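Trainee: Sharing a structure below in structure tokens format, with a few things to ask.
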Amino acid sequence: MKIKFAVIGQGHIGKRHAEMVRRNPEAELIAVCDPLPKEQLGISELKESFYSTVEEMLSAHPEIEVVNVCSPNGLHAKHSLIALEAGKNVVCEKPMALSKIDCETMVYKALQNHKTVFCVMQNRYSPPSVWLKKIVEEKIIGDVYMVQLNCYWNRDKRYYKKGGWKGTQELDGGTLFTQFSHWIDLVYWIFGDIKNIQAKFNDFNHAELTEFEDSGFVNFDFVNGGMGSINYSTSVWNSNLESSITIIGSKGSVKVGGQYMDQVEHCNIKDYQLPVLAETNEANDYGAYKGSANNHPQIIANVIDTLKGRTTITTNAMEGLKVVDIIERIYALRKSDRKS
């Protein structure tokens, strides 16, 4: 039996979700919804049912089993809760929500209704990410001393359209939520939680484009030992520069770099030979800018395999909550940084 899906939101990422559902032989796309008309969204030839509200869509199609939430960040919690209340499983795009409290409400509602919330953190599927987790978890690199995450991207007026939700505090939430939550998830997934956070923020060239910072330096200690930093910016001119991670351990050092953390640039570990890794998928291409690797087919496959009892969930709701919690704790320092 095919699992029946619906998608909320038909922006770039919502269209991607819809297409990946269509391509999976064990999935069936029933409907999509968006407040904008089909013509404006560029989906005039849509074969599935189209609705302007979530409630109307779910009411018309009780057969829907899974709802993919691809609306603006600030609406993720609201739309997920509507779907969960209707007895549907949820696939929630990153970030899970814009506050830990909203995430907790989603977790509670899912447990109450015996449904599953799948959080989209597709960079976990990238071969270099899987390899990094292995060498850390199995202590191949030894004790972790230092971790440095660098995320230097371009997001300019081509991305922040006037009148759009991106760049607003209410619906976007901030650079760490929209651009770099995938990479913060990888840090949490591989190394665990953080503490003793210090941070410095700046808005170099986005004052007329966004309601928040475009750059920051963040440093912290890992609960499991070692220290780390996240250095990020969307002020890079014209195109993305890099997304990279460097690890210094007691038995060696590694660096995975490239624009999307897709290339092993350095591996020097005692008595260890770097294995041949599978190719990383191309980045999502949105024309004027690019995003993370296109691993959404694996996301949809994992949802189906999990619901059919063949595997376990890749990113569960508690992990999605922890990423939001970490970002929220980092952003809590923005106020004190402004005062100083």
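Trainee: Among the residues of the stretch 195-214 satisfying the criterion of being touching a residue at least 60 places away in the same chain (Cβ under 8 Å) and either part of a strand (DSSP E or B) or over 23 Å from the mean Cα position of the chain (by Cα) (or both), which is farthest from Arg334 (Cα to Cα)?
Mentor: Checked the stretch 195-214; the qualifying residue farthest from Arg334 (Cα to Cα) is Ile197.
Trainee: If you go through the stretch 101-139 one residue at a time, how many are in a helix (DSSP H, G or I) and not basic (Lys, Arg)?
Mentor: 23
Trainee: Another one. Taking the residues in the stretch 223-281 that are of a type in the set (D, E, K, R) and touching a Lys or Arg at 6+ places or on another chain (Cβ under 9 Å) as candidates, determine which candidate is surrounded by the fewest Cβ atoms within 10 Å (Cβ to Cβ).
Mentor: Asp271
Trainee: If you check Gly163, Gly173, Gly142, which single one turns out to be part of a loop (DSSP other than H, G, I, E, B), crowded, with 23+ Cβ neighbours inside 10 Å and not assigned by TED's automatic domain parsing to the domain that holds Val32?
Mentor: Gly173
Trainee: Leu98: within 22 Å of the chain's Cα centre (by Cα) and assigned to a helix (DSSP H, G or I), yes or no?
Mentor: Values: within 22 Å of the chain's Cα centre (by Cα): yes; assigned to a helix (DSSP H, G or I): no.
The answer is no for Leu98.
Trainee: Is it the case that Gly9 is under 19 Å from Asn89 (Cα atoms) and either in the same structural domain as Val90 (by TED's automatic domain parsing) or in contact with a Lys or Arg (Cβ under 8 Å, 6 or more places away or on another chain) (or both)?
Mentor: In short, yes.
Trainee: Residue by residue through the stretch 145-160, note down the ones that are within 30 Å of Asp34 (Cα to Cα) and surrounded by fewer than 17 Cβ atoms within 10 Å (Cβ to Cβ).
Mentor: Answer for the stretch 145-160, where residues must be within 30 Å of Asp34 (Cα to Cα) and surrounded by fewer than 17 Cβ atoms within 10 Å (Cβ to Cβ): Lys157, Arg158.
Trainee: Let me ask another. Could you go through the stretch 34-47 and let me know if any residue there is part of a strand (DSSP E or B) and out of contact with any Asp or Glu (no Cβ under 6 Å at 6 or more places or on another chain).
Mentor: No, the stretch 34-47 contains no residue that is part of a strand (DSSP E or B) and out of contact with any Asp or Glu (no Cβ under 6 Å at 6 or more places or on another chain).
Trainee: Based on what the data block shows, is Ile135 surrounded by fewer than 21 Cβ atoms within 10 Å (Cβ to Cβ) and of a type in the set (A, V, I, L, M, F, W, C)?
Mentor: On the way: surrounded by fewer than 21 Cβ atoms within 10 Å (Cβ to Cβ): no; of a type in the set (A, V, I, L, M, F, W, C): yes.
The answer is no for Ile135.
Trainee: Restricting to the stretch 1-24, and then to whatever is aliphatic (A, V, I, L, M) and part of a helix (DSSP H, G or I), can you tell me which residue is surrounded by the most Cβ atoms within 10 Å (Cβ to Cβ)? Working first, answer last.
Mentor: Of the residues in the stretch 1-24, the ones aliphatic (A, V, I, L, M) are 1, 3, 6-8, 13, 18, 20-21.
Checking which are part of a helix (DSSP H, G or I) leaves us with 13, 18, 20-21.
Numbers: Ile13: 20, Ala18: 23, Met20: 22, Val21: 29.
Top of the filtered list is Val21.
Trainee: Taking interchain pairs and intrachain pairs at least six residues apart, which have beta carbon atoms under 6 angstrom, with the first residue in the stretch 93-106 and crowded, with 17+ Cβ neighbours inside 10 Å and the second in a loop (DSSP other than H, G, I, E, B)?
Mentor: Filtered contacts from the stretch 93-106: Glu93/Cys70; Glu93/Val120; Lys94/Val120; Leu98/Gly173; Cys103/Met96; Cys103/Ala97.
Trainee: Here is a further query. Assuming Val187 fulfils every condition listed in (1) of a type in the set (A, V, I, L, M); (2) touching a helix residue (DSSP H, G or I) at 6+ places or on another chain (Cβ under 7 Å); (3) within 26 Å of Ile135 (Cβ to Cβ) apart from one, which condition is it?
Mentor: All conditions are met except number (2).
Trainee: I've got another one for you. Which members of the stretch 150-170 meet the condition of being touching a residue at least 40 places away in the same chain (Cβ under 8 Å) and either more than 15 Å from His12 (Cβ to Cβ) or under 13 Å from the mean Cα position of the chain (by Cα) (or both)?
Mentor: Result: Asn150, Cys151, Tyr152, Trp153, Asn154, Asp156, Lys157, Gly167, Thr168, Gln169, Glu170.
The values are calculated or read from the model by the stated rules, or taken from the named source; none is laboratory data. Remember, it's a predicted structure, so these values are computed and weren't measured experimentally. Here Cβ is always computed from backbone atoms with ideal geometry, including for glycine, and neighbour counts include all displayed protein chains.
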